[in-house]
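Below is one structure, written out as structure tokens; comments come after it.
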Amino acid sequence: MGTSGRLVALEGVDGCGKSTQARLLAAAVGVEPTAEPGGTPVGAALRRVLLDPGLPDLDERTEALLMAADRAEHVARVLRPALHAGRWVVTDRYSGSTLAYQGYGRGLDLDDLRRLLSWATGGLAADLSVVLDVDVAAAAARAAGRSGGGETGAGGADRMERRGAAFLQRVADGYAALAAADPERWAVVDGSGPVEEVASAVRATVAARLGEPPGGWR
Ligand code: TYD
């Protein structure tokens, strides 16, 4: 694929703590973390459309296409250039999120989504996707509790967070199935402990799978 860096994605349900863990892992690798949706200027605009609770609910295909568009832009502008330069990239969400949320969560066909993602990313897959495994009810409460700015405007949950616990449970089960089906490219880390404990487990998992980042662990 012409890349020499490594692409690591943090995955998990809303409120699982993956944004914090992406930041800590990126610091340990010595890079800035990046995120989807919204890791580019165009992506930030797409993110507003995707999460604005003031807009009517998106058809699931529209949602998948906008997520894929955000990812295409992220790959072209941020991920590929960094990987080509030999850097490691730590992203808060990648293609696994679309399979888990739009596939298992919203019921779109997984093979259709895989073809869409393969086209959108030019075939760039994550070298490792790390799922933070947490209790879904606790994560949903956490996600609801911290909403209040950003795309939610006046407070309250954004559109994805409004889908509720049953939806998030399907997403969590989807992540478990994805990880079980492809243990080479997926790892599951217990996300329920204290932040530092989870961070060292994530680091240890990445080190065991991918070795040392350029310049070593910070
Ligand atoms: P994110 O910013 O990671 O929110 P959080 O920090 O609450 O986890 O993601 C925003 C929402 O977008 C989240 O509900 C997950 C959803 N999402 C998808 O449904 N599909 C995707 O492909 C991606 C990247 C995100």
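Data for the structure
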read-out: Top of TRP186, TRP88, TRP119 by mean-square fluctuation, Gaussian network on the chain, Cα under 10 Å; value: TRP119
read-out: Size of electric dipole in region 6-210: Cβ of Lys, Arg +1 and of Asp, Glu -1, about Cα centre, debye, nearest 20; value: 460
read-out: Computed over region 6-210: relative contact order in percent, which uses C-alpha pairs under 8 Å that are six or more apart; value: 31
read-out: Region 89-218 - Debye-derived log10 I(q)/I(0), Cα point model, q = 0.13, 0.16 Å⁻¹; value: -0.64, -0.96
read-out: Among THR40, THR20, THR62, residue whose mean-square fluctuation peaks in a GNM of the chain (springs only between Cα atoms under 10 Å); value: THR62
read-out: Between region 35-101 and region 119-141, the alpha-carbon center distance in angstrom; value: 13
read-out: For the chain, average projected area of the Cα convex hull in nm²; value: 10.9
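Laboratory data are not the source of any read-out in this text; all were calculated from the coordinates shown. Worth saying up front: this structure is predicted, and the values here are computed from it rather than measured. Please note: Cβ atoms are built from the backbone with ideal geometry, for glycine as well, and neighbour counts cover all protein chains shown.
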